[in-house]
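Structure record follows, encoded as structure tokens.
The values are calculated or read from the model by the stated rules, or taken from the named source; none is laboratory data. Given the structure is predicted, the values throughout are model-derived calculations rather than measurements. Quick reminder, even Gly has a Cβ in these numbers, built from the backbone with ideal geometry, and neighbours come from all protein chains shown.
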Amino acid sequence: MEQIMNYVKPELIIVAVVLYFLGMGLKQSQTVKDKYIPLVNGAVGIVLCGVYVLATSACQTGQEIAMAIFTAITQGVLVAGLSTYVDQIIKQSRKTE
């Protein structure tokens, strides 16, 4: 987990928490099949990270726009993966073997 944290921007950790609770809510509501919850979390993570990147970056040149898109996608995937990782740690810690 420490290695993942080296790549996630500290200010976007809250997005992982939001995605964790979103995933729990989707699972309990049963509106989305379990196998699609990580995809939904990934898409929402990319959108939320995109909003953050656009709000904090000056996107005036093509290179800056490309970098903003790349950052939004990579950070969105990372925070979605982090929320899934935390979910699995919690589930595995409850198991008795």
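Structural remarks
- Checked against the criterion of being among the hydrophobic types (A, V, I, L, M, F, W, C), modelled with pLDDT of 90 or more and over 16 Å from the mean Cα position of the chain (by Cα), the range 13-29 has no qualifying residue.
- Selection within the range 25-38 - of a type outside the set (S, T, Y) and without any contact (Cβ under 8 Å) to a residue 40 or more places away in the chain: G25, L26, K27, Q28, Q30, V32, K33, D34, K35, I37
- Extreme residue, surrounded by the most Cβ atoms within 10 Å (Cβ to Cβ), among residues of the range 14-27 that are of a type in the set (V, I, T) and farther than 13 Å from Y85 by Cα: V15
- Any hit, the range 5-12, residues being farther than 18 Å from I89 by Cα, without any contact (Cβ under 8 Å) to a residue 24 or more places away in the chain, in a helix (DSSP H, G or I) and more than 10 Å from the chain's Cα centre (by Cα): yes
- Among the residues listed as I46, I37, the single one being surrounded by 15 or more Cβ atoms within 10 Å (Cβ to Cβ), under 22 Å from Q88 (Cα atoms) and modelled with pLDDT of 95 or more: I46
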